[in-house]
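Laboratory data are not the source of any read-out in this text; all were calculated from the coordinates shown. Please read all numbers here as calculations on a predicted model, not as lab measurements. For neighbour counting, all protein chains shown are included, and Cβ atoms are generated from backbone atoms with ideal geometry for every residue, glycine included.
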Amino acid sequence: MRSLVIIILTCLVTVWSTPSLAELRVVGKGETLRFDSSQFPPEIKRSYDVMAVRCSTCHSQHRIVMAYITGVAPVSKKPFDNDVMKITTFRMLRKAGLTLPEGLSKEQRKVIIEERRAIASVLNYLMDESTR
Ligand code: HEC
């Protein structure tokens, strides 16, 4: 009887803790497709808001969402793994003007470094959540 209870409990825990794929929730469609930010813990949500501003000036968030939910980078068609994510992040941070040229004040550098960090933390978080 006791071992039966243990087996049942083990099964329940396994079912509860097995994450389903494509766990990230999205809202909108087409050009308005974006992540549902209500699913994020508060600090990721704050960083996500930074990303939403910085990364939506040239293209919508559709590109970012598709990379994570399909596992394929939408333009280059490369498998969107950790390496491609890091290289893309680096390229896009530059495109977004988040670089550190000579001559910036200490305060300006600080703001840019914080924004870069915030965006990188969201992109890493999304990768962790999408491949769990
Ligand atoms: C100055 C314009 C511009 C900004 C700002 C910008 N992007 Fe892009 N993004 C592009 C262009 C152009 C492409 C397609 C060419 C390329 O991949 O370089 C692209 C492609 C992408 C792709 C698909 C890459 C692939 O290989 O398929 C992702 C993902 C992406 N951007 C994410 C971001 C993120 C995250 C940010 C914010 C840090 C951002 N973008 C900011 C212009 C921009």
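Residues being surrounded by fewer than 17 Cβ atoms within 10 Å (Cβ to Cβ) and under 23 Å from E31 (Cα atoms): count how many of those fall in segment 91-123.
Final tally of qualifying residues: 4.
Table: residues versus (1) more than 15 Å from E129 (Cβ to Cβ); (2) part of a loop (DSSP other than H, G, I, E, B).
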| site | (1), (2) |
| --- | --- |
| R46 | yes, no |
| D49 | yes, no |
| V53 | yes, no |
| S60 | yes, yes |
| R63 | yes, no |
| A67 | no, no |
| V75 | yes, yes |
| D83 | yes, no |
| T88 | yes, no |
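Any idea which residue in segment 61-70 is nearest to K29 (Cα to Cα), counting only those that are more than 6 Å from the ligand (Cβ to nearest atom) and surrounded by 16 or more Cβ atoms within 10 Å (Cβ to Cβ)?
Within segment 61-70, the match that is nearest to K29 (Cα to Cα) is H62.
Do you know which residues across segment 90-132 are in contact (Cβ under 8 Å) with a residue 12 or more places away in the chain, β-branched (V, I, T) and assigned to a loop (DSSP other than H, G, I, E, B)?
Selection gives T99 alone.
Go through segment 71-83 and count every residue that is surrounded by 13 or more Cβ atoms within 10 Å (Cβ to Cβ) and within 7 Å of the ligand (Cβ to nearest atom).
Count: 3.
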